[in-house]
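Below is one structure, written out as structure tokens; comments come after it.
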Amino acid sequence: MTEPRDSLNNDAFVLKLQVPPDSDTARLDRFVTERLPDTSRSFVQRLIEAGDVLVNGERPRSSQRLMVGDLVDVRVPRPEEPREITPAVVPIPIVYEDEDVMVFDKPPGLVVHPAPGHEHGTLVNILKWLRPEIITPGTERPGIVHRLDKDTSGLIVVAKTERARLSLLRQWQRRDVLKEYVALVLGTVKEDTGTIDAAISRDPHNRKRMAVVKEGRPARSHFRVRTRYTGYSLLDVTIETGRTHQIRVHCAFIKHPVAADDLYGGRVRDLPLTRQFLHARRLCFQLPGGQLIDVEAPLPDDLTSVLAVLDART
């Protein structure tokens with residue numbers, strides 16, 4: 001469970017975790033890393049060394065082995081040095097909005113948050129223009145608890161309030177959110193349905209890529225074949241975890257890389273594709289008040305035109 005700690009004056013929040021019965025009782029640093037979105041193990045290790053992580057009320061070592069039922073408290077500081085965020089006047093479809101959350105249909109080519117080489121024109125910069133009240137000092141990723149790759153289109157949710165941010169963070173950590181994608185992959189996938197359960201980490205041979213690595217972070221994807229074309233398969237993919245490039249890595253791992261995903265071996269020459277065929281089409285989660293929200297985004301025009309080409313060949 002995630003709870004704010006009043007004495008921290010909003011400069012941190014406390015994440016309360018309990019090792020579940022079905023846990024494989026991993027090392028402490030790995031256990032915490034798996035439950036903090038968009039963090040590295042080195043960052044978690046620094047938290048442990050600083051005394052910001054307690055196990056059953058005691059200060060542990062990063063290498064401590066956890067037991068089922070152990071209680072882990074993690075004090076996560078908010079960023080201290082804010083990046084100056086300039087507004088970007090860029091229209092973007094809003095699929096849903098209320099007082100707590102916004103759900104966008106992100107177009108391809110849009111970076112989610114500022115980073116070296118992408119300081120302007122990101123979703124965060126657009127939020128600065130659309131809803132400047134949710135851009136608070138000390139935050140580079142206001143209300144953003146998940147992300148999509150630059151060239152992946154589709155649904156992304158943003159919290160407008162602190163209660164929504166904590167609620168969404170808790171749901172992502174508990175893997176309670178339904179996240180469904182559409183992917184066109186190379187080759188004919190023989191199985192109608194399947195599960196890819198393979199840990200992911202940085203590729204030791206290419207730092208720009210992720211890869212299936214035995215000692216990586218657990219990752220699980222489920223797929224269902226929607227349509228088989230000559231040389232391609234259209235899949236519905238749901239992910240339990242949200243590792244960097246997860247679907248792209250998992251599809252490449254089963255020898256069916258995402259079409260036009262050059263980084264993972266999905267290069268195509270016979271289709272009008274200028275980016276990987278991957279679209280986040282559905283999100284289902286709870287609003288802070290407990291109501292269930294289920295939103296969908298149709299395939300964008302560049303991807304539907306590719307399917308039209310494939311349909312014409314059959």
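The values are calculated or read from the model by the stated rules, or taken from the named source; none is laboratory data. Computed from a predicted model, the values in this text were never measured in an experiment. No Cβ is skipped: glycine too gets one built from the backbone with ideal geometry, and neighbour counts run over all protein chains shown.
Overview of results
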quantity: So residue 181, is it under 15 Å from the mean Cα position of the chain (by Cα), within 20 Å of residue 296 (Cα to Cα), assigned to a strand (DSSP E or B) and modelled with pLDDT of 90 or more; calculated: yes
quantity: Residue in segment 248-259 that is on the phi > 0 side of the Ramachandran plot, modelled with pLDDT of 95 or more and surrounded by 17 or more Cβ atoms within 10 Å (Cβ to Cβ) present; calculated: no
quantity: Hits in segment 141-173 - residues which are of a type in the set (D, E, K, R) and part of a helix (DSSP H, G or I); calculated: 162, 163, 165, 170
quantity: Sole residue being in contact (Cβ under 8 Å) with a residue 60 or more places away in the chain, surrounded by fewer than 16 Cβ atoms within 10 Å (Cβ to Cβ) and not small (Gly, Ala, Ser), chosen from 217, 163; calculated: 163
quantity: Scan of segment 195-241 for residues that are at pLDDT below 90 and closer than 22 Å to residue 35 by Cβ, ordered by number; calculated: 201, 202, 214, 215, 216, 217
quantity: Tabulated pairs, segment 43-58, first assigned to a helix (DSSP H, G or I), second of a type outside the set (D, E, K, R), C-beta under 6 angstrom, 6+ apart or interchain; calculated: 44/32; 44/33; 45/62; 47/53; 48/62
quantity: Number of positions in segment 222-262 that are within 17 Å of residue 210 (Cβ to Cβ) and assigned to a strand (DSSP E or B); calculated: 3
quantity: Residue under evaluation residue 155, criteria (1) of a type in the set (A, V, I, L, M, F, W, C); (2) over 18 Å from residue 122 (Cβ atoms); (3) in contact with a strand residue (DSSP E or B) (Cβ under 6 Å, 6 or more places away or on another chain), criterion not met; calculated: (2)
quantity: Condition met for residue 208 (assigned by TED's automatic domain parsing to the domain that holds residue 271 and without any contact (Cβ under 8 Å) to a residue 24 or more places away in the chain); calculated: no
quantity: All positions within segment 251-267 that are of a type outside the set (D, E, K, R) and out of contact with any Pro (no Cβ under 7 Å at 6 or more places or on another chain); calculated: 252, 253, 254, 256, 257, 258, 259, 260, 263
quantity: Output for segment 271-314, where each listed residue is surrounded by fewer than 12 Cβ atoms within 10 Å (Cβ to Cβ) and part of a loop (DSSP other than H, G, I, E, B); calculated: 272, 274, 289, 290, 291, 314
quantity: Check on residue 157, under 22 Å from the mean Cα position of the chain (by Cα), modelled with pLDDT of 85 or more, over 23 Å from residue 291 (Cα atoms) and surrounded by 20 or more Cβ atoms within 10 Å (Cβ to Cβ); calculated: no
quantity: Filter pass, residue 226 being within 16 Å of residue 306 (Cα to Cα) and not small (Gly, Ala, Ser); calculated: yes
quantity: Test: residue in segment 235-243 that is assigned by TED's automatic domain parsing to the domain that holds residue 284, of a type in the set (Lys, Arg), touching a strand residue (DSSP E or B) at 6+ places or on another chain (Cβ under 9 Å) and buried (at least 19 other Cβ atoms within 10 Å of the Cβ); calculated: yes
quantity: Which numbered condition residue 33 fails, given (1) at pLDDT 90 or above; (2) among the β-branched types (Val, Ile, Thr); (3) within 25 Å of the chain's Cα centre (by Cα); calculated: (1)
